[in-house]
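Peer 1: Once you've had a glance at the structure underneath, I'll fire off some questions.
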Amino acid sequence: MPLDQSFVGRSYPPTEPYIVGREKIREFARAIGAAEAEYQDLEAARALGYADVVAPPTFPIVLTMASSHAQIVEDPELGIDYSRVVHGDQRFAYARPIVAGDALVCVNTVEEITTRGGHDFMTTRSDVSTEAGELVVTVWAKLVQRGEE
């Protein structure tokens, strides 16, 4: 069954704040092999002008993947069969870096749904902001639901 096109443009309520912790940043940096000192050491980060340990550029996936999955993918009305889903693309547009201590909320939106060759392509956008409303990063993800051959 194809994805419901009426979901294009649908936004979901803001998520609960995600408090970015130093150790979460350090763990993520180690997991992806990012060895730069500003991802591990407070003094190194401050020497570069950051208020605290800074997150690697792909760190927002930690919160956006969880929140978009919970809100969009698990929405039964959309019609996703997650057993047929593959990740197609990911991109980030930063307003400023993420640092330890940030309290971030996500607003998730279904930006596009198309069908090509029997496969559904869905692009989601997650606007990640501080609790005060300052945009930090926008994250786009493309999910591909393979056809039912």
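Peer 1: Of the residues that make up the range 136-146, is at least one of a type outside the set (A, V, I, L, M, F, W, C), surrounded by 18 or more Cβ atoms within 10 Å (Cβ to Cβ) and more than 12 Å from the chain's Cα centre (by Cα)?
Peer 2: Yes, the range 136-146 contains a residue that is of a type outside the set (A, V, I, L, M, F, W, C), surrounded by 18 or more Cβ atoms within 10 Å (Cβ to Cβ) and more than 12 Å from the chain's Cα centre (by Cα).
Peer 1: Next question. Could you please tell me which pairs satisfy a Cβ distance under 7 Å, a separation of 6+ or placement on different chains, a first residue in the range 43-57 that is free of Cβ contacts under 8 Å to residues at least 40 places away in the same chain and more than 20 Å from residue 27 (Cβ to Cβ), and a second residue that is crowded, with 17+ Cβ neighbours inside 10 Å and charged (D, E, K, R)?
Peer 2: Going by the 7 Å Cβ cut-off, the qualifying pairs are 48/38.
Peer 1: Return the residues of the range 83-111 that are over 16 Å from the mean Cα position of the chain (by Cα) and not β-branched (Val, Ile, Thr); say none if nothing qualifies.
Peer 2: Matches in the range 83-111: 83, 84, 100, 101.
Peer 1: Can I ask one more? I'd like to check something: does the range 49-64 contain any residue that is assigned to a helix (DSSP H, G or I), under 13 Å from the mean Cα position of the chain (by Cα), modelled with pLDDT of 95 or more and not hydrophobic (A, V, I, L, M, F, W, C)?
Peer 2: yes
Quick grid of which residues meet (1) small (Gly, Ala, Ser); (2) in contact (Cβ under 8 Å) with a residue 60 or more places away in the chain:
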{"position": "90", "(1), (2)": "no, no"}
{"position": "109", "(1), (2)": "no, yes"}
{"position": "118", "(1), (2)": "yes, no"}
{"position": "123", "(1), (2)": "no, no"}
{"position": "135", "(1), (2)": "no, no"}
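The values are calculated or read from the model by the stated rules, or taken from the named source; none is laboratory data. Just so we're clear, the structure is a prediction, and the values are computed from it rather than from any experiment. Because the Cβ atoms are built from the backbone with ideal geometry, glycine has one as well, and the counts that use them run over all protein chains shown.
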